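Below is one structure; the comments refer to it alone.
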Amino acid sequence: MATAHAASGELIDIRPFGPALPRAASETLVRAEHLEVFRLVLLAGGSLPGHEHARAVTIQCIEGSVDLLAGGETLALHAGDLVYLAGGTPHELKAVEDSSLLVTLLVRRE
C-alpha cells in the first residue's frame, strides 16, 4: 500500500512531537515532481551516514539537537535552526538529543 502524501493546499502539522518523540517515525510529507519534503526522526546517538544530493537541500531542526558534518565542518543545529546545502555537498547527521528535522529536497524525477 502506497503512503499518502499531502496534496496541494493541504495543511501539514510539523509541530514538535514533544514527549511522543521517542516513538515517532520518519515519514515523507510531500512528494511532487521536483520537490520532496520529509520529517526525519533521529534518536540520541543515532546518525544518518554520509551522503549527498544532486540538488539543493534544506534541513530545519524542529526539536532536539543534531550535529551536521558538511564541508569539513561541524554545525550544531538546535530547535529553530535551518541550514541550506548546495547540491553535491557531502554531509552526515549525528543526533546529540532525540530530534526531529524537516528536510526539503529539490529532486529530478526521470
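Observations, loosely collected:
- Consider the range 25-35 and keep the residues that are in a strand (DSSP E or B) and of a type outside the set (Val, Ile, Thr). The one that is surrounded by the most Cβ atoms within 10 Å (Cβ to Cβ) is 29.
- Taking the criterion of being surrounded by 17 or more Cβ atoms within 10 Å (Cβ to Cβ) and polar (S, T, N, Q), the residues of the range 89-110 that qualify are 99, 100, 104.
Listed here are the residues, each with its yes/no results for (1) in contact (Cβ under 8 Å) with a residue 40 or more places away in the chain; (2) farther than 24 Å from residue 6 by Cβ.
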{"residue": "28", "(1), (2)": "no, no"}
{"residue": "31", "(1), (2)": "no, no"}
{"residue": "36", "(1), (2)": "yes, no"}
{"residue": "48", "(1), (2)": "yes, no"}
{"residue": "52", "(1), (2)": "no, yes"}
{"residue": "65", "(1), (2)": "no, yes"}
{"residue": "76", "(1), (2)": "no, yes"}
{"residue": "86", "(1), (2)": "no, yes"}
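- Just one of the listed residues (97, 63, 92) is among the charged types (D, E, K, R), modelled with pLDDT of 95 or more and over 21 Å from residue 17 (Cα atoms), and it is 92.
- Among the candidates 40, 85, the residue that is surrounded by 14 or more Cβ atoms within 10 Å (Cβ to Cβ) and touching a Leu at 6+ places or on another chain (Cβ under 6 Å) is uniquely 40.
- In the condition set (1) out of contact with any strand residue (DSSP E or B) (no Cβ under 8 Å at 6 or more places or on another chain); (2) on the phi > 0 side of the Ramachandran plot, residue 18 is compliant with all but (1).
The values are calculated or read from the model by the stated rules, or taken from the named source; none is laboratory data. Keep in mind the model is a prediction, meaning the values are calculated, not measured. Positions of Cβ are generated from backbone atoms using ideal geometry, with glycine treated the same way; all protein chains shown enter the neighbour counts.
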